[in-house]
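As structure tokens, the structure follows; a few thoughts come after it.
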Amino acid sequence: MMQGPPVKFGLELLTALGGVDVAPKAASKLIRAGANAVAPAREEQDPIKALLEIALDDALAEVFRASLKDLGFELYEQHLPANPFNPSDSSERTVSIAARPRLDFFLICVPYWLLNDDQQNNLAAFDFLSYAFPKNSIVHIISRGLLAMDYGFEGLIKSWRVVKIIDADFIPWSRIVKLQRARDARARTTLEADRK
């Protein structure tokens, strides 16, 4: 799967998503309050179980598929061991992967409630998730409706980069919305051209 030296793919993906966004690092209380207002109701959740099925759902996969195809990538699901430290554990973790010759990267969709709340059990489960990815992996993290991860997760992402040599970044939901709008506009343009 991962071949050659790690390649920073973030620039191409950010270009496809509509540019660089520095706002999440400076998210105000107002933005967080707005994000919390649209957050799904939280039941008691198990963060370990929630991080087993983190592939893009069909709707999100469709948002990414056209842009990735334009860049030469194929998007598909892959199964990784849920617990890489226990070979006898046959449980799996499902992730999305975009691949083209000599370059691939992971796209994962983490539940909003988990990344929006840096409680110790959420942080521990998220940190454990990093062991599922091979060294030198590129991992793009999204979460429906989330503009910025809670502060503790930012530190963990830095740890993934430095200690585990995993190039991970969080893509704010606003970028996904822009990508979806661009995809919808492209579909309308194609439909109009077909009618002529």
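With the simple model of a label 7 Å out from the Cα in the direction of the Cβ, A50 to K178 spans 2.7 nm.
Quick check: from the Cα gyration tensor, does segment 78-146 come out rounded (a/c under 1.5), prolate or oblate? Since a/c reaches 1.5 but b/c is at least a/b, the shape of segment 78-146 is classed as oblate. As a length-normalised measure over Cα pairs under 8 Å and 6 or more apart, the relative contact order of segment 75-196 settles at 20 percent. Summing charges over neighbours of L80, with a neighbour being any other residue whose Cβ is under 11 Å away from its Cβ, gives -1 when K and R count +1 and D and E count -1.
Read the figures in this text as sums done on the coordinates, not as results from a lab. A quick note: this is a predicted structure, and the numbers were derived from the prediction, not measured. Virtual Cβ from ideal backbone geometry, glycine too; neighbours counted across all protein chains shown.
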